[in-house]
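Each value in this text was obtained by applying a stated rule to the coordinates, not by laboratory testing. Remember, it's a predicted structure, so these values are computed and weren't measured experimentally. Don't worry about glycine lacking a Cβ; one is built from the backbone with ideal geometry, like all the others, and counts go over all protein chains shown.
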Amino acid sequence: MSKDIRSLRVSKDSELFTLDSKEYLLVVDYFSRFVEIAQLSYTRSMDIVVHLKSIFAHHGIPQVLVTDNWPQFSCSHFQAFAVCYGFEHVTSSPRFPQSNGEAECAVQTVKRLLKKSSDLYRALLAYRATPLQNGYSPAELLMGRRLRTTVPALPSLLDPALPDYNALGAKEREKRWRDARTFDKRHKAKNLEPLVPGQEVWITDARAQGTVISAHEAPRSYRIKVPQGTLRRNRHHLVSMQTEGKGVEPVDEPVGEDTPTPTVRTRSGRVVRKPDRLNL
C-alpha cells in the first residue's frame, strides 16, 4: 500500500502469525519499522484488543490500522474497539498478501530473530537499535534517540536527536521508487486499467465470472457480485471480460495460404495456439 512519508507517521500494521506452535500478534509502525510483538495464549478478538490497547498506551493511537482478514479483525467486537479508540480500520485484499507487504516483511524478520536467538527481547532490542538503509534505526525514527544495548557506545551518542525529516523523506522516496522499479522489472508488472461498476470480470483464483459492484476503500480492491454472494478481490485477480476475455472479431480478408489465423483467447486472457500438424 503506497503512502507518502507524512502519512506513514500515523499508520500501523497488525498481523497474526504462528511459529513453533505458538501464536503471536505483531504490530509494525509504517514510518519507523518499529516492531512490537505479543505472544497470545488465546487468539480471540478480545485478547487481541487487550494487547493492542497496551501497545497504543505506549506509542499512541494510530490514525490508520491495517490488518489482514482474519475473523478476529472483522468481528463486531473489533469494529467497536476501532470506533471507541477513534482509528480507521483497513483490511488488506483477500488472498493477496502483497497488499499488506510491510507486515509480511516484518513477520519474516521476527521469525528469523526467534529462530536464531534464545532471548526474544534481546533480539528485538538489537533490531530496534540497528540502522536501516536510510541511516536511522527504528528507535531513532520513533523516539528521536538511540537505544542503549550490550554493545559499548559513547554516552554522547545516546543523547536525544531528531532525524532530518526532509533528507529522510528524500531517501525514503528514492528507495521506494527503486524497489518498485526492480519489482516491476523482475515480475514484468504493468498498470491495470481501473474497473467500473457493472463491468463483467473473470476471477482467476476463484475460477468464476462476476460483476463489479463498486471499488473498495482499500487501493486496487473491488467488491464483486457472484452467484454465491459477494466477494472482495484485488485488481490482480480480476480480468475484464470485455477487453481480455472476449476475442475481437477478425476483419474479412481474401482467403489464401498465407492468411493468418485469427487470435483466440481464453477467459483468463491467454492466447490459444493451435498445434502444428503434418500435412500427409
Say the cut-off is 22 Å between C-alpha atoms; which of 12/175; 22/115; 185/225; 22/111; 12/190 go over it? 185/225; 12/190
About its Cα centre, how strong a charge dipole does segment 5-187 have in debye, to the nearest 20, once Lys and Arg get +1 and Asp and Glu get -1 at the Cβ? 500
What is the calculated FRET efficiency for residue 208 to residue 156, with r their C-beta to C-beta distance and R₀ = 41 Å, to the nearest 0.05? 0.05
Would you please give the residues with an amide H less than 5 Å from that of residue 208, counting only those at least 5 places away or on a separate chain, with H modeled from the backbone geometry? 203
Residue 95/residue 119 FRET efficiency (R0 22 Å; Cβ-Cβ; nearest 0.05): 0.05
Under a plain spin-label model, where a point goes 7 Å from the Cα along Cα-to-Cβ, how far apart in nm are residue 178 and residue 109? 1.7
